[in-house]
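The values are calculated or read from the model by the stated rules, or taken from the named source; none is laboratory data. The model shown is predicted, which means the values in this text are computed figures rather than measured ones. Here the Cβ positions follow ideal geometry from the backbone for every residue, glycine too, while neighbour counts run over all protein chains shown. Accessible surface areas use protein heavy atoms only, side chains included; no ligands, DNA or RNA. Shrake-Rupley method; radii C 1.70, N 1.55, O 1.52, S 1.80 Å.
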Amino acid sequence: LWLELKEWVALQLYWEITVDEGILMHAIVTTPLMIFRDDVQLLFVAEDQLIQVRSYSQLGLSDMGTNARRIETLRDQLKP
């Protein structure tokens, strides 16, 4: 699932992978409307079969739920 998720991220429009070190991936996502840049970090913890995800805005006080929706979209990619 980890490799499938990494492949999905690589295919996303407005996502730029800046770090891909095997178990760690970092991407910058640019929102199309307001051109805000958000960071997304993914970490695969093999011994626990766990993928940790962090999505956060580079600027501003509120993201209007964008990062939470992005995490849910990533979670949806892991469903069979």
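Rundown of residues vs (1) farther than 20 Å from Met64 by Cα; (2) out of contact with any helix residue (DSSP H, G or I) (no Cβ under 8 Å at 6 or more places or on another chain); (3) at pLDDT 95 or above; (4) among the polar types (S, T, N, Q), yes/no style:
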position	(1), (2), (3), (4)
Leu13	yes, yes, yes, no
Val19	yes, yes, yes, no
His26	yes, yes, yes, no
Met34	no, yes, no, no
Gln41	no, yes, yes, yes
Phe44	yes, no, yes, no
Among the residues that make up the stretch 4-13, is at least one of them open to solvent by 60 Å² or more (accessible area, probe 1.4 Å), free of Cβ contacts under 8 Å to residues at least 60 places away in the same chain, of a type in the set (D, E, K, R) and assigned to a loop (DSSP other than H, G, I, E, B)?
no
Residue selected from the stretch 14-61 under the condition in contact (Cβ under 8 Å) with a residue 40 or more places away in the chain and within 12 Å of the chain's Cα centre (by Cα), by the criterion least open to solvent (accessible area, probe 1.4 Å):
Val29
Just checking, how many residues over the stretch 62-80 are without any contact (Cβ under 8 Å) to a residue 12 or more places away in the chain and β-branched (Val, Ile, Thr)?
1
